[in-house]
């Protein structure tokens with residue numbers, strides 16, 4: 001029997017249920033995995049609450065590092081005992097063992113630990129497509145990163161500094177400001193949700209009125225309109241999350257007077273849909289991790305049985321950096 005966390009109904013962390021499951025042999029195109037570490041991500045709470053509806057009952061979790069324990073018919077390029085990771089589902093990473101399509105797996109190279117791989121792959125692939133594909137960041141550009149002390153935020157700040165950008169970040173506390181600063185954010189600003197105009201003013205002061213070429217916004221409702229006001233003419237708002245809730249409907253008529261702006265709602269599922277893109281993104285990410293360019297901050301570790309508490313901590317904004325479940 002294998003331990004698995006499932007939801008049989010949507011709701012708060014209390015709906016996370018500990019079940020036993022029998023994991024059979026892999027079918028055609030499948031691999032059987034023994035998880036070693038599982039990543040915790042904010043999107044997991046969206047599936048749990050029904051914000052992103054899933055058929056019930058359902059497993060949770062999109063990201064894990066594992067060892068291949070069996071290979072199904074037709075699978076090539078993988079072998080039993082190989083270290084692998086995945087970050088694009090299907091759902092069900094909150095488990096000791098599972099079956100998964102082989103095409104979703106990426107090899108974990110030497111120089112990257114299982115804990116690092118489980119903590120960084122989903123967030124790191126997100127950062128990769130944001131800075132390398134959604135908007136190709138160039139040296140000298142000014143970029144705004146909301147939630148700069150979060151899991152994706154810390155990776156974005158490091159990657160942007162590596163690319164030579166000037167990074168302005170929003171954070172919730174002075175402690176998180178110091179964490180963001182230590183990871184490449186030159187201007188971490190504590191955001192006062194009751195006075196969003198102050199943040200826009202500070203961005204204008206830092207840039208001497210030029211503003212930012214791109215804003216990476218994972219907060220959503222509380223920041224979207226403010227983010228638009230931080231952009232230079234022809235700037236891009238990449239709204240890749242909504243931790244504060246779904247943003248209000250956007251009046252496209254605002255984009256012209258504010259500088260002929262662009263807005264996109266990118267997702268990793270789209271950017272990593274093709275295996276070639278998945279492998280390329282993972283290889284670039286793991287190379288930067290192995291070389292120490294990107295530091296993976298695993299600031300919270302939980303046993304799988306503590307999934308409910310982990311969700312409470314994440315939604316209560318009591319976490320920084322990345323969190324993982326340790327398995328085995």
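The values are calculated or read from the model by the stated rules, or taken from the named source; none is laboratory data. What you see is a predicted model; the values in this text were computed from it and never measured. Note that each Cβ is placed from the backbone with ideal geometry, even for glycine, and that neighbours are counted across all protein chains shown.
Filter region 267-311 for residues that are surrounded by fewer than 16 Cβ atoms within 10 Å (Cβ to Cβ), more than 26 Å from residue 111 (Cβ to Cβ) and within 18 Å of the chain's Cα centre (by Cα) and give the result. Once the filter is applied, which keeps residues that are surrounded by fewer than 16 Cβ atoms within 10 Å (Cβ to Cβ), more than 26 Å from residue 111 (Cβ to Cβ) and within 18 Å of the chain's Cα centre (by Cα), region 267-311 yields 267, 269, 270, 273.
Checked against the criteria, residue 202 does not count as surrounded by fewer than 24 Cβ atoms within 10 Å (Cβ to Cβ) and within 27 Å of residue 268 (Cα to Cα). Every test in (1) more than 21 Å from residue 118 (Cα to Cα); (2) surrounded by fewer than 19 Cβ atoms within 10 Å (Cβ to Cβ) is passed by residue 26 save one, and that test is (2).
Go through region 117-165 and give me each residue that's in a loop (DSSP other than H, G, I, E, B) and either touching a residue at least 40 places away in the same chain (Cβ under 8 Å) or surrounded by 24 or more Cβ atoms within 10 Å (Cβ to Cβ) (or both). Hits for region 117-165 are 135, 137, 141, 146, 147, 148, 149, 150, 165.
Restrict the check to region 68-76 and report whether at least one residue is crowded, with 16+ Cβ neighbours inside 10 Å, over 24 Å from residue 154 (Cα atoms) and in contact with a helix residue (DSSP H, G or I) (Cβ under 6 Å, 6 or more places away or on another chain). Looking through region 68-76, at least one residue is crowded, with 16+ Cβ neighbours inside 10 Å, over 24 Å from residue 154 (Cα atoms) and in contact with a helix residue (DSSP H, G or I) (Cβ under 6 Å, 6 or more places away or on another chain). Restricting attention to region 42-62, report how many residues are on the phi < 0 side of the Ramachandran plot and under 17 Å from the mean Cα position of the chain (by Cα). Looking only at that region, the number is 11. Condition test on residue 29, is it at pLDDT 95 or above and on the phi > 0 side of the Ramachandran plot? Here the answer is yes, as residue 29 does meet what is asked.
Comparison of 39, 81 shows that the only residue that is surrounded by fewer than 18 Cβ atoms within 10 Å (Cβ to Cβ) and either at positive phi or in contact (Cβ under 8 Å) with a residue 60 or more places away in the chain (or both) is 81.
Just one of the listed residues (184, 164) is modelled with pLDDT of 95 or more, more than 20 Å from the chain's Cα centre (by Cα) and under 15 Å from residue 288 (Cβ atoms), and it is 164. Every condition in (1) under 19 Å from the mean Cα position of the chain (by Cα); (2) surrounded by fewer than 16 Cβ atoms within 10 Å (Cβ to Cβ); (3) part of a loop (DSSP other than H, G, I, E, B) holds for residue 257 except the one numbered (1).
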